[in-house]
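Since the structure comes first, as structure tokens, the remarks are kept for the end.
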Amino acid sequence: MKITVFGTGYVGLVQAATLAELGHDVMCVDINHAKINQLNDGIIPFFEPGLDQLVERNKLAHRLSFSLNPKECIEFADILFIAVGTPSYEDGSADLSAIETVAKTIGNYINGYKLIINKSTVPVGTVDLVKNTILETLAENASSYVQAMNSNDKLASILNRDKIEFDVISNPEFLKEGTAVIDSLHPERIIIGSNSKKALSIMRKLYHSFTKKGIPILEMDVRSAELTKYAANCMLATKISFINEMARLAELLGADIDAIKAGIASDSRIGPSFIDAGCGYGGSCFPKDIQCLINKAKEHQFFPHLLTAIEAVNSEQKTLLVDRVLNYYGHDISGKHFAIWGLSFKPETDDIRNSPSLTVINSICKLGATCTAFDPVAITNSKQYFANNQQVTFAESKELALIDADALIICTDWQQFYEINFDILKTSLTEPVIFDGRNLFSLADAIAQNITYISIGRKPVY
Ligand code: NAD
């Protein structure tokens, strides 16, 4: 099948490469010239394990190409995916301007039946918005043609446009940054929201390779599909905020969150995933999607107590490490220097959007401290983010970051951080102190190493 994907970000590029891998012919279009130039030069603009090989293989097989020309891409394909960003406005509502721009572009260049598939995470009602925007664009173009009409060619063009048919459907994405390629090639389920028989039949063909392997397609109405994506993200964020609240209680009551986790995870109704206590969730999805759903609920005069609490717990959790640091140093950290391990919001990604590390670093800098940070892949993005902050420097290894620091603060649970050399840590830091936002080490190890170890939901070791 011939497919165009709008947006070459984490979702668009992975989806495009996956569809090409399934044997389809795929073009990607973006408005970001630098990204498209990089992709044409064989460079992946962000870090995602396995994506470089997947893109390269399909480029070489001539199933995947990149363009800055939306007209060419729309005319090429029968299926158009929208995978552009949907950030938040200040009030939490979704900024749908990129979606609307794509819809207008489709309206301008549509040249026959197109199935338009929305993959971006968007509030309920956005499929209708895309449909109406395309129709309005078609109508505007037709009327401007009519006003300027002075030839039979233009009349024929309008009539031709009137015959144009299209469907807009919802097909939300559930991949996770860090395992996006595996998630996309082996999805647990595919959600399709549509009431068009034609669209559903095309979608079943498009994803035939998946259904053949037993991966279920769940067909539903458009609004339910749109809301399913928010429900999934809010459920996951709920689990994280829940365990973090339990961790706070565990500390106050002298209990241990690791033991509690083991105790509840063995209940099959609860399970082990997403119940690790830590310094809060970040990323481009959970915070924005929860805010967006709260905003949507309020539009309908519904006040969602639980969603509001999830975000409130998380905001507090992101400041917890700094509170611990302040308590330890008697509320004055001016002139102190810290090593920071981990900048990305989770391991295996270079995405630092809403990362707890940013809250930690911004807060300690405001309080007069400096830091040297290390992350295996997120330093380039972080250098841009902290470009105007002289108090933040970066190290090329986790060991180099420790040199002459007063303490180590751990913000991300990268695998390599578990493999710590306590001897190097003790000789590099001015005092062996770790503030661990990801509970990487056992309390027994900390006691045996004779270090100060302050983690989340567990007794501090002094
Ligand atoms: P991103 O910011 O990485 O990429 C978005 C891309 O869209 C950018 O390259 C941008 O230049 C491009 N774009 C903007 N306007 C365009 C236009 N008019 N035409 C063509 N391209 C245009 O975003 P992302 O992380 O890939 O997320 C995309 C959507 O998918 C969001 O709605 C997000 O919530 C959702 N989502 C993200 C994830 C994730 O883990 N990142 C997972 C599931 C769903």
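The values are calculated or read from the model by the stated rules, or taken from the named source; none is laboratory data. Computed from a predicted model, the values in this text were never measured in an experiment. Don't worry about glycine lacking a Cβ; one is built from the backbone with ideal geometry, like all the others, and counts go over all protein chains shown.
Here's the yes/no breakdown for (1) in a strand (DSSP E or B); (2) at pLDDT below 95:
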| residue | (1), (2) |
| --- | --- |
| Ser120 | no, no |
| Asn141 | no, yes |
| Met149 | no, yes |
| Phe174 | no, no |
| Pro187 | no, no |
| Glu219 | yes, no |
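For the stretch 233-247, indicate whether the set of residues that are in the same structural domain as Asn314 (by TED's automatic domain parsing), of a type in the set (Phe, Trp, Tyr) and not in a loop (DSSP other than H, G, I, E, B) is non-empty. Yes, some residue in the stretch 233-247 is in the same structural domain as Asn314 (by TED's automatic domain parsing), of a type in the set (Phe, Trp, Tyr) and not in a loop (DSSP other than H, G, I, E, B).
Table: residues versus (1) surrounded by 24 or more Cβ atoms within 10 Å (Cβ to Cβ); (2) of a type outside the set (Ser, Thr, Tyr); (3) within 13 Å of the ligand (Cβ to nearest atom).
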site	(1), (2), (3)
Thr8	yes, no, yes
His24	no, yes, no
Asn37	no, yes, yes
Gly42	no, yes, no
Pro45	no, yes, yes
Glu48	yes, yes, yes
Ser65	no, no, no
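Scanning the stretch 349-359 finds no residues that are at pLDDT 95 or above, surrounded by fewer than 21 Cβ atoms within 10 Å (Cβ to Cβ) and either hydroxyl-bearing (Ser, Thr, Tyr) or outside the structural domain of Phe338 (by TED's automatic domain parsing) (or both).
Quick grid of which residues meet (1) assigned to a strand (DSSP E or B); (2) farther than 21 Å from Leu115 by Cα:
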{"site": "Ile3", "(1), (2)": "yes, no"}
{"site": "Thr8", "(1), (2)": "no, no"}
{"site": "Val11", "(1), (2)": "no, no"}
{"site": "Val14", "(1), (2)": "no, no"}
{"site": "Gly23", "(1), (2)": "no, no"}
{"site": "Val26", "(1), (2)": "yes, no"}
{"site": "Leu39", "(1), (2)": "no, yes"}
{"site": "Arg57", "(1), (2)": "no, yes"}
{"site": "Glu72", "(1), (2)": "no, no"}
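Residues in the stretch 81-107 that are free of Cβ contacts under 8 Å to residues at least 40 places away in the same chain and away from the ligand (no atom under 12 Å from the Cβ) were compared, and the one that is nearest to Phe6 (Cα to Cα) is Gly107.
Residue-wise test of (1) away from the ligand (no atom under 16 Å from the Cβ); (2) of a type in the set (A, V, I, L, M, F, W, C); (3) over 23 Å from the mean Cα position of the chain (by Cα); (4) more than 27 Å from Phe345 (Cα to Cα).
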{"position": "Lys176", "(1), (2), (3), (4)": "no, no, no, no"}
{"position": "Glu188", "(1), (2), (3), (4)": "no, no, no, no"}
{"position": "Asn195", "(1), (2), (3), (4)": "yes, no, yes, yes"}
{"position": "Leu200", "(1), (2), (3), (4)": "yes, yes, yes, yes"}
{"position": "Phe210", "(1), (2), (3), (4)": "yes, yes, yes, yes"}
{"position": "Gly214", "(1), (2), (3), (4)": "yes, no, yes, yes"}
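In the list Ile260, Ile310, Ile275, Ile264, which residue meets the criterion of being of a type in the set (Val, Ile, Thr), touching a Ser or Thr at 6+ places or on another chain (Cβ under 6 Å) and closer than 30 Å to Phe435 by Cβ? Of Ile260, Ile310, Ile275, Ile264, the one residue that is of a type in the set (Val, Ile, Thr), touching a Ser or Thr at 6+ places or on another chain (Cβ under 6 Å) and closer than 30 Å to Phe435 by Cβ is Ile310. Taken residue by residue, the stretch 384-397 has at least one member that is surrounded by fewer than 21 Cβ atoms within 10 Å (Cβ to Cβ), at pLDDT 95 or above and among the charged types (D, E, K, R).
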